[in-house]
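Asker: Below: one structure in structure tokens.
All of the numbers you see were taken from the coordinates with simple rules; none came from a lab. These figures come from a predicted structure and were not determined experimentally. So basically every Cβ, Gly included, is an ideal-geometry build from the backbone, and we count neighbours across all protein chains shown.
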Amino acid sequence: MSILVTTNEPKDIKELFDDRIEVPMNFDFKLYTEKGTIGIERKKVPGDLLSSIEDGRLRREILAMRAECDHQVIILHGMMRFNGDGQLMYTDKRVSGGQEQL
């Protein structure tokens, strides 16, 4: 199996793959397998996921994976925290010093 990794992935993520090829791509990883190509987009939750939905980046990444790959996967990592009412809480750097509830 071969893997392409986008050049803008963090170094610690890229170094997880010994036989990687780094190339600019519109999504994070492209795997070549006997069953076809697999496009993978990695999102840290909640901030990266929510901001990429808001600014349209996730849509563009999904469309790129659909155009180039037989299978598409989105990996979510991190931790989501909820308040007592079950609302998602996160620190938005655009909001001065606080928690924003969504």
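Asker: Do the sum for the chain: with -39,500 (n - 2.57) for every DSSP H run of n ≥ 4, divided by all residues, what is the mean residue ellipticity at 222 nm, to the nearest 500 deg cm²/dmol?
Answerer: -6500 deg cm²/dmol
Asker: According to a simple spin-label model (label point 7 Å from Cα along Cα-to-Cβ), what is the distance in nm between D48 and N83?
Answerer: That separation, rounded to one decimal, is 2.7 nm.
Asker: Quick one: compute the contact order of the range 1-43, relative version, from alpha carbon pairs under 8 angstrom and 6+ residues apart, as a percent.
Answerer: Values: 67 pairs, mean separation 17.9, N = 43.
Dividing the mean separation by the residue count of the range 1-43 yields 42 percent.
Asker: Over the chain, what is the percentage of antiparallel beta bridges among all DSSP beta bridges, to the nearest 5? Let's see the in-between values first.
Answerer: On the way: 14 of 26 bridges.
Approximately 55 percent, going by the DSSP bridge assignments.
Asker: Can you tell me the orientation of helix 57-68 relative to the chain, as the angle in degrees between its alpha-carbon axis and the longest Cα principal axis, to the nearest 10?
Answerer: 20
Asker: Also: Taking the simple approach of a point 7 Å from Cα along Cα-to-Cβ for both L76 and R60, what is their distance in nm?
Answerer: 2.3
Asker: I would also like to ask the following. For K11 and T33 in one chain, what is 0.36 nm times their gap in residues minus the Cα-Cα distance, to one decimal in nm?
Answerer: 5.5 nm
Asker: List the aspartates and glutamates whose alpha-carbon lies under 14 Å from that of K30, not counting same-chain residues fewer than 8 positions away?
Answerer: Once the sequence-local aspartates and glutamates are set aside, what remains near K30 is E9, D19, E22, E41, E61, E68, D70.
Asker: Would you please put 62-72, 12-22, 77-87 in order of how densely packed they are, using the mean number of other Cβ atoms within 10 angstrom per residue and starting with the highest? Mind showing how you got there, number by number?
Answerer: Working: 62-72: 15.4, 12-22: 11.5, 77-87: 9.1.
Highest to lowest by the protection proxy: 62-72, 12-22, 77-87.
Asker: Any idea what log10 I(q)/I(0) is at q = 0.18, 0.19, 0.21 Å⁻¹ for the chain, Debye with uniform C-alpha scatterers and no solvent?
Answerer: -0.90, -0.96, -1.08
Asker: Which value, in debye to the nearest 20, describes the size of the charge dipole of the chain about its Cα centre when Lys and Arg Cβ atoms bear +1, Asp and Glu Cβ atoms bear -1, and nothing else is charged?
Answerer: 180
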